[in-house]
């Protein structure tokens, strides 16, 4: 091989080749830009989070618990305070808040704290400088959304439990917010004394207790860790450093960023298909030049090297432009995402990300170009003197096999490296492979079907246009792959989303419960039920809640089990540590199915009807997943700590639970009896269809029982709709991304067959065709191409969305024809616009100029 | 010297053998100017392709300057062509993406003589009267100018053998005549063996020797009007067969 000649030839040819192949390199540019911007911005966010760790927590460290801190913890917190450690207590709870001015009532988050918190960062209020005033017992501050939800203004009165408070102002910015917290549930900020006075924290109330620490010396952390670990573990109080929280957030950001990077990689690989298709056509057009070079004495590998260098050079140029574009996008992202970022993000040029993007871009361009480039070896020198001479079928020799192997290996490797976890990457690579193979297969079948059922009676331009799909060197498969892939991604996402919305409306729809009442104390139960409107009494479900923790399994204590090495026999930490909210009842719930053992009345499980003799112990039924994670089965014993008393139980049945149904569902259900006298609260679900009756009921209930909270599912539905609208935005982003990548490949594919199209148009015009007819031929071809691609993509998306809906989200798949029609119209419209835009000169140029090869 | 012994080529057409050349025996002396003529489909171009090592015969063998081409691999034949063989094509076959100068440089750079290559290429282009058009691309040149660039390229490596496939086929009569004159001059100066396939009998008569083909066989082998012909007996006769 003569490498120096190959380099010189590549450099000279690239003056013209760059123009021809440049459009394909644009698809590499797009993918590289996506990767570089995602990689760099991911690093920016993670770094900024780490740098702002203390501001994000508002302190250096934090203790937190689902229950009020026990004396052992408060006493060591007091001792820390005497050592100069700043300590601020914050309790968060859910409560109904009433506005006498509008008579509206809403379930809101209550944040009760000391004025000192946060220790770091500044809380912005309106009017300014109000933060801390809520420590005064008669004042409340609120998130701005509360004003609209309760229809109140600054200066009005709010009723929280039994406390009446002056709404002094709004909290505009809390540095400890992670962007989404206020969106989930707007907050009311009050003092801890007010919370106590409001009487909200009854038995079983859903509340979170936190103590924030400002450490004069960060080294004290080690001392606290050493001194108090045992107490914290015993009391199940969590101790967390600001830097650890920041690391968790950084890891979360990185994880998310890696998912996004997969989208970028998808676009890059789509661009790779474009490169392969472009190089294939380019080499076909270069066959005579290759033959001449062979006549003049160039060996196969020299010619191959020359074109490989060209493709790599263009890949390098495309990637370099991509890097620049990616860095520009990186700079714009903080502005676009200001509302959802946990901290103010400062962007920095990341040399690693830029180099990685450049390397990946060149590699993808090169590896996709390799297979079509190997064709140059098959060009016989004889073709220089005999234009019609073709060598036999392409050989499938070692270099071809090696190139295919390298391509598959590279894709798998890139996916594994970019994905959050290698297994996800492998799954993504496999999914891509299946999607591309299925698309190519579907396109092939559809093309065959079009040929088989050719519109023989259609007018000439239509017949000519459709038959162009099968002309030699046609781009049907590559265009179908590019456009079909875009249609497939968008179609799948939109259809899955439509199924989710449909499932939600069923969950909240007719006949389903729509209010959840909780924090009902035992002595309030009958009073609350009596207040329900008559129409709601029939379907009402009442469930006692008994908080409990597991202390031992089969006689082995939880601590001992947790101390064991992780393995298949060790129970999962979450299942062992959590505080369970158990219930007791006589019947099986509507969302439950008994799969193993026997219910209290002897009803057998569907898969296993074993009867367990419980002896004197309490009988308990576990949900199947928690049973699996606790590593227990029928006959195993569980010891529970119920309000300080020990309750021994035996697993006598296992249930599967449909968690998506709005029913009171539980991990552990006891038979009636053993828990009857245990300390407990109650939850009630009911259906109050009329919105006004529902609002009136909530107002009356809050007045009569200020500590009882009502969750109105129509509000939940609104919140879920808000989340789904964000999902829609993400879908739009992914869709636009895929569409642009597909568009670039489309532009390139149509450009590559332009010469052929031009000659055909000129010939038609010479034979007497009018411009309108030539235009009609083009319209028919592009319309057929767009339809073919969309049909392939949408057929596949139908199957994929049905699979995702049923397997991943476990919801019924509901086909959405309007979505499919909209995608079809968009893709065909896009194909027509791009196709016709590139064909203007084709229609306008005089035929003689084309037939005589006069340059444009 | 070029020798062809019992040369034959058969293609497969629709699964049936289609003989294009049969039993060709030839010896062409060094520095000879030989024209190969015949009607369309007589096998002229196939013979040229086999003599130049662009294709493998299905029967017989070709020896070029003492080298048996059938003993060489595809790439070895390419290297042999790079060093010893020049080509002129009917449709010029300049590489459209290279300038005139770069086209002439191709064979020189292929054998690695880059240092002297440029001077040689410039001299050749000046010799064919294109000193002022060296940086033009083929599309910017007329047909005659393109063929002159092709001539300069063909002689770039001082080949021992030059094959020309209908070099005037795409040119008007006057331009064609100029090209043939130039070809003759360069051939004489470089003392090259020239094998030219042509339809044009006027052009053929300028050769030393005219070989006529029909139906894939040599039907006449006579002296041309281009001077003292060096007609040798067929290779099989030399070999005593």
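Here, each number is a calculation from the coordinates, and none is a lab measurement. Note that this is a predicted model, so its numbers are computed, not measured. Methodologically, a virtual Cβ is constructed for each residue, glycine included, from the backbone with ideal geometry; neighbour enumeration extends over all protein chains shown.
A few points about this structure:
- Three-way shape call for the range A:540-686 based on the alpha-carbon gyration tensor, with the a/c threshold at 1.5: rounded
- Arranged from fewest to most other beta-carbon atoms within 10 Å of their beta carbon, A:692, B:166 become A:692, B:166.
- Remark: the Cα gyration tensor places the range B:10-95 in the rounded category, a/c being less than 1.5.
- Between the C-alpha center of the range A:105-168 and that of the range A:28-52 there is a gap of 37 Å.
- For chain B, modelled as a GNM whose springs connect Cα atoms under 10 angstrom apart, the maximal fluctuation among B:71, B:117, B:32 occurs at B:71.
- Relative contact order (%) - the range A:540-686, alpha-carbon pairs under 8 angstrom, separation at least six: 35
- Considering only the protein assembly as shown, percent of DSSP beta bridges that pair antiparallel, nearest 5: 75
- Take every pair of alpha-carbon atoms less than 8 Å apart whose residues are at least six positions apart; their mean separation over the length of chain A yields a relative contact order of 17 percent.
- Projected label distance in nm at residue A:609 and residue A:336, using a 7 Å step from Cα toward the beta-carbon: 6.1
- Kirkwood's formula applied to the C-alpha pairs of the protein assembly as shown gives a hydrodynamic radius of 36.4 angstrom.
- A Gaussian network model of chain B, with springs between Cα atoms under 10 Å, assigns the largest mean-square fluctuation among B:168, B:198, B:178 to B:178.
- Taking each DSSP H run with n ≥ 4 as -39500 (n - 2.57) and averaging over every residue of the protein assembly as shown yields -16500 deg cm²/dmol at 222 nm.
- Global geometry of chain B, whether rounded, prolate or oblate, following the gyration tensor of its Cα atoms and the 1.5 cut on a/c: prolate
- Evaluated at q = 0.11, 0.20 Å⁻¹: base-10 log I(q)/I(0), Debye formula over Cα of the range A:206-281: -0.55, -0.99
- Hull volume in cubic angstrom per residue (convex hull over the Cα atoms of the range A:61-214): 109
- Exposure proxy ranking for B:34, A:436, based on other Cβ atoms within 10 angstrom of each Cβ and starting from the fewest, stands as A:436, B:34.
- Note on chain B: GNM, Cα springs under 10 Å; of B:143, B:60, B:112, the largest mean-square fluctuation is that of B:112.
- Rounded to the nearest 10 degrees, the angle from helix A:691-704 to the longest Cα principal axis of chain A is 40 degrees.
- With each label modelled as a point 7 angstrom along the Cα→C-beta vector, the residue B:74-residue A:413 pair spans 2.8 nm.
- Rel. contact order, % - alpha carbon contacts under 8 angstrom, at least six apart, the range A:61-214: 37
- Between the range B:122-138 and the range B:11-52, the alpha-carbon centres lie 33 Å apart.
- Average other protein chain Cβ within 10 Å of Cβ, residues A:372-381: 2
- Proxy reagent accessibility, fewest Cβ within 10 Å first, across A:801, A:48, A:72: A:72, A:48, A:801
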